[in-house]
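Trainee: Take a look at this one; I'll ask things after.
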Amino acid sequence: LGIVLYELVSGSLPFDPGALDRADFIAQHIIRKKDAPTPSTRFASLGAARAGVAEHRDTTPVAPRKELKGDLDWIVLKAIEKDRTRRYETANGLALDLQRLLRNEPISARPPSATYAIRKFVRRNRLGVALAATATLTVLGVAIVMTLLTERVSKERNRAELEAAKAKSINRFMLDMLSSADPWQGGAHEVTVQDALGKAVGKLDGAFKNQPLVDAAVRQVIGAAYDGLGRTAEAEPLLVQSLRRRQELLGDTNEDVALSLTALGTLRRDQGRYDSAAALFGRALAIRHRLDGGAEGLPVAGSLVDLAGAEEVRGNTARADSLGRQALAIRKRLLGDENTDVAIAMRVVGGYNISLGKYAAAESLSRPAVAIMRKTIGPRHPELASAINDLALERMYQGDFVEAEHLLRETVAMDSAMFGPTHPALASDLENLGNVFYSQQRYGDALKILRQVLDIRRTMLGDSHEAVGRTIANLAAVTRREGDYRAAQPLFEDALRRLTSTVGPDHPSVIHTMVGSGNNLTSLEEYARAEAVLRDAMRRASSALGTRWSLDNVGAPLSRMLRTAGRYADAEQTAIAVYQVRDSMYGPTHPDTRAAAAELDTLYQKMSRPNEAAAYRDKAKAK
């Protein structure tokens, strides 16, 4: 592994292959006795070939030596050390040091001990040491210097040893947990993941009495596993305990504390507690900013993605978009283009464009993200399912229901295989498939799926979760489209109460539900109630989301309601404002702009103003 790493980073093997082809005794001498140059030195010795090596690594001929010099040189040399007792004990040891390098943490490979440096020096210079006292004094000087260096890094080496001990303890504990599925170890013939996790939790309190940091690490792993299974109630106490123990032992500026904050923030997001999730992700981001000193590394990018997702569901779309773009820029700079984490950030930014109604722009990010993930993480992975889901929504909003349905059926199949029949992720993708059916006027199919979604969410998330309110709002919308206005209205009102209590009175989900309720009351010819609901929605939207958003999303149903009630002058004022906003936002040929023109055509016909009706009729047909 060390030789492979050497060639990967330097573009060359440690020794010239030609020298090894000469004679066996020469090759043996080189391999057994001659120390390899550092990768940075080897790269510098390549001469003109450096340009080709740099080009293959998408960099300049100068940059690689700077990047290699230092910790990466030490790691590679330790991996290929001739004395096997000085190498990494395991491949995992090498991996851990590489991870520390990427996280700008101290590595265990640097520096070697003073006695080892002396021994290496003497081995290379036996004749000189025997003949010259000055050489001996030089070695002693080196010994003194290396001793001082060793003292300086002793704490760092101890930390690395602690990490290794922690990993061994966790591995033993996890192996014991998994033995619950092994009949030869006294386990059951069939055992679920939840059974195994439950057994592990039962053993936690006595397993790591003298290793509190190991205890915290295991609690986080098991808590995150429960959260991934949708078992948020079981996950919560474990993740809270992990965070508290790490804060007590490590303080508030430690990467492990940031990891615990992130895990708990993810849980809060999955519970629908978005304000809490955003606060936790923000604290993790602040820690990572302090730790990297403004370098903006990959941990910072991860926190930016997490915080962006929380801000989006809180309705702060512009801030979410900004955070997501920062994360994407960092990951592209550090990882290149063909990378899973880069694709995840692309998907995230594309998702915000969906919220802004910029569907083509969203697709320009989501489609390549899906292609990258299919190459890098294979055909079945939760991140790939999320990316395909977003692409399906973008196709649906652009009117391509055939591809949207095909993509969503793929995600539903993936979710079912990965998570089983009752997971919240499956419910989300099923709901989107129901939306495609709704858009195709397949209302019976949509209702069937939404009832399945509601059952899953109530079972897994609890009756008070925000997602339950959204599903009830969708059921209300489909019921209205089927023409059963009386049955739809209590569903709208139930959804509105639930969403207001979970995401607040000014959230876009609340505004859209109010619009649905106002439209339904219009169909029931309860115009006074409809107007009150829609004007309240206009007021809230204007205050929280801006006048343009308010007119685009609420103005159109309000003008239709006023026209239907025969209040043409009031309807005209609102309808013109809606058309002007959409024309400025989307352009004259956008479907929403043409729909606003069609509304004015209908209104002016009702008002017996044929010339104006004809003018807007032409605009409604613009393509």
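Trainee: Cβ-Cβ under 7 Å, sequence separation 6+ or interchain: first residue in the stretch 534-548 and closer than 8 Å to ASP506 by Cα, partner part of a helix (DSSP H, G or I) and hydrophobic (A, V, I, L, M, F, W, C). Which pairs?
Mentor: Once the first residue is closer than 8 Å to ASP506 by Cα and sits in the stretch 534-548, its partners that are part of a helix (DSSP H, G or I) and hydrophobic (A, V, I, L, M, F, W, C) give ARG540/ILE511; ALA541/ILE511; ALA541/TRP549; ALA541/VAL554.
Trainee: Which of the numbered conditions does LYS621 fail, given that it passes all the others? Conditions: (1) closer than 19 Å to TYR527 by Cβ; (2) touching a residue at least 24 places away in the same chain (Cβ under 8 Å).
Mentor: (1)
Trainee: Would you check which residues across the stretch 293-322 are part of a loop (DSSP other than H, G, I, E, B), open to solvent by 50 Å² or more (accessible area, probe 1.4 Å) and in contact (Cβ under 8 Å) with a residue 60 or more places away in the chain and list them? It would help to see each step written out before you state the result.
Mentor: Within the stretch 293-322, the first condition is being part of a loop (DSSP other than H, G, I, E, B), and the residues that meet it are 293-297, 314-316.
Pick out the ones that are also open to solvent by 50 Å² or more (accessible area, probe 1.4 Å) and you get 293-296, 314, 316.
Within the stretch 293-322, ALA295, ARG314 meet the criteria.
Trainee: Return only the number of the condition from (1) over 22 Å from THR422 (Cβ atoms); (2) surrounded by fewer than 17 Cβ atoms within 10 Å (Cβ to Cβ) that THR459 does not satisfy.
Mentor: Unmet condition: (1).
Trainee: Among the charged types (D, E, K, R), open to solvent by 60 Å² or more (accessible area, probe 1.4 Å) and modelled with pLDDT under 90: which single residue out of ARG325, ARG283, ARG269, ARG333 fits that description? Can you show your working first?
Mentor: On the way: ARG325 fails: modelled with pLDDT under 90; ARG283 fails: modelled with pLDDT under 90; ARG333 fails: modelled with pLDDT under 90.
Of the residues listed, the single one that is among the charged types (D, E, K, R), open to solvent by 60 Å² or more (accessible area, probe 1.4 Å) and modelled with pLDDT under 90 is ARG269.
Trainee: For ALA278, only one of the following conditions fails: (1) part of a helix (DSSP H, G or I); (2) hydrophobic (A, V, I, L, M, F, W, C); (3) over 18 Å from the mean Cα position of the chain (by Cα). What is its number?
Mentor: (3)
Trainee: TYR359: of a type in the set (Ser, Thr, Tyr), in contact with a Phe, Trp or Tyr (Cβ under 9 Å, 6 or more places away or on another chain) and buried (at least 17 other Cβ atoms within 10 Å of the Cβ), yes or no? Outline the logic, then answer.
Mentor: Working: of a type in the set (Ser, Thr, Tyr): yes; in contact with a Phe, Trp or Tyr (Cβ under 9 Å, 6 or more places away or on another chain): yes; buried (at least 17 other Cβ atoms within 10 Å of the Cβ): yes.
Yes; evaluated as a whole, the condition is true for this residue.
Trainee: Go through GLY469, GLY434 for me and flag whichever is touching a residue at least 12 places away in the same chain (Cβ under 8 Å) and touching a Lys or Arg at 6+ places or on another chain (Cβ under 6 Å). Break it down stepwise before answering.
Mentor: Numbers: GLY434 fails: touching a Lys or Arg at 6+ places or on another chain (Cβ under 6 Å).
It is GLY469.
Trainee: If you don't mind, another one. Residues in the stretch 399-423 that are crowded, with 18+ Cβ neighbours inside 10 Å and not in a helix (DSSP H, G or I): how many?
Mentor: Total meeting the criteria: 1.
Trainee: Would you be able to say whether some residue in the stretch 605-612 is open to solvent by less than 20 Å² (accessible area, probe 1.4 Å) and in a helix (DSSP H, G or I)?
Mentor: Restricting attention to the stretch 605-612, the residues satisfying the condition of being open to solvent by less than 20 Å² (accessible area, probe 1.4 Å) are none.
Checked against the condition, which is being open to solvent by less than 20 Å² (accessible area, probe 1.4 Å) and in a helix (DSSP H, G or I), the stretch 605-612 yields no hits at all.
Trainee: Would you mind telling me which numbered condition in (1) among the hydrophobic types (A, V, I, L, M, F, W, C); (2) farther than 30 Å from ALA310 by Cβ; (3) open to solvent by 30 Å² or more (accessible area, probe 1.4 Å) ALA571 fails?
Mentor: The failed condition is (3).
Trainee: Could you please find all residues in the stretch 478-492 being modelled with pLDDT of 95 or more and among the small types (Gly, Ala, Ser)?
Mentor: Answer for the stretch 478-492, where residues must be modelled with pLDDT of 95 or more and among the small types (Gly, Ala, Ser): ALA487, ALA488.
Trainee: Quick check on my filter: what residues within the stretch 371-384 are open to solvent by 10 Å² or more (accessible area, probe 1.4 Å) and either touching a helix residue (DSSP H, G or I) at 6+ places or on another chain (Cβ under 6 Å) or under 19 Å from ALA425 (Cβ atoms) (or both)? Outline the logic, then answer.
Mentor: To start, the set of residues in the stretch 371-384 that are open to solvent by 10 Å² or more (accessible area, probe 1.4 Å) comprises 371-372, 374-383.
Passing the criteria: ILE372, ARG374, THR376, ILE377, GLY378, PRO379, ARG380, HIS381, PRO382, GLU383.
Trainee: Considering every residue within the stretch 320-336, establish whether at least one is in contact with a His (Cβ under 9 Å, 6 or more places away or on another chain) and of a type outside the set (Val, Ile, Thr).
Mentor: The first filter runs over the stretch 320-336 and keeps only residues in contact with a His (Cβ under 9 Å, 6 or more places away or on another chain), leaving none.
Within the stretch 320-336, not a single residue is in contact with a His (Cβ under 9 Å, 6 or more places away or on another chain) and of a type outside the set (Val, Ile, Thr).
Trainee: Tell me which residues, restricted to the stretch 326-381, are of a type in the set (Lys, Arg), part of a helix (DSSP H, G or I) and farther than 18 Å from LEU102 by Cβ.
Mentor: Our first condition is that a residue be of a type in the set (Lys, Arg); within the stretch 326-381, this holds for 331-333, 347, 358, 367, 374-375, 380.
Now drop any that are not part of a helix (DSSP H, G or I), which leaves 331-333, 347, 367, 374-375.
Answer for the stretch 326-381, where residues must be of a type in the set (Lys, Arg), part of a helix (DSSP H, G or I) and farther than 18 Å from LEU102 by Cβ: ARG347, ARG367, ARG374, LYS375.
Trainee: In the stretch 1-49, what count of residues is obtained for those that are charged (D, E, K, R) and modelled with pLDDT of 70 or more?
Mentor: Within the stretch 1-49, the first condition is being charged (D, E, K, R), and the residues that meet it are 7, 16, 21-22, 24, 32-35, 42.
This time we only want the ones that are modelled with pLDDT of 70 or more, so: 7, 35, 42.
Residues in the stretch 1-49 being charged (D, E, K, R) and modelled with pLDDT of 70 or more: 3 in total.
Trainee: Name the one entry in VAL510, VAL453 that is over 25 Å from LEU551 (Cα atoms), β-branched (Val, Ile, Thr) and buried (at least 24 other Cβ atoms within 10 Å of the Cβ). Spell out how you get there, then give the answer.
Mentor: On the way: VAL510 fails: over 25 Å from LEU551 (Cα atoms).
Just one listed residue meets the conditions, VAL453.
Trainee: Among the charged types (D, E, K, R), open to solvent by 20 Å² or more (accessible area, probe 1.4 Å) and farther than 22 Å from ARG219 by Cβ, is that true of ARG290?
Mentor: Values: among the charged types (D, E, K, R): yes; open to solvent by 20 Å² or more (accessible area, probe 1.4 Å): yes; farther than 22 Å from ARG219 by Cβ: yes.
Considered against the rule, which asks whether it is among the charged types (D, E, K, R), open to solvent by 20 Å² or more (accessible area, probe 1.4 Å) and farther than 22 Å from ARG219 by Cβ, ARG290 comes out as yes.
Trainee: Just need a number here: residues in the stretch 576-597 that are open to solvent by less than 40 Å² (accessible area, probe 1.4 Å), in a helix (DSSP H, G or I) and not polar (S, T, N, Q).
Mentor: Matching residues across the stretch 576-597 total 7.
The values are calculated or read from the model by the stated rules, or taken from the named source; none is laboratory data. As the structure is a prediction and not an experimental result, all values here were calculated from the model. Cβ coordinates were reconstructed from backbone atoms using ideal geometry, including for glycine residues, and neighbour counts include every protein chain displayed. For accessibility, only protein heavy atoms count, side chains too; no ligands or nucleic acids. Shrake-Rupley method; radii C 1.70, N 1.55, O 1.52, S 1.80 Å.
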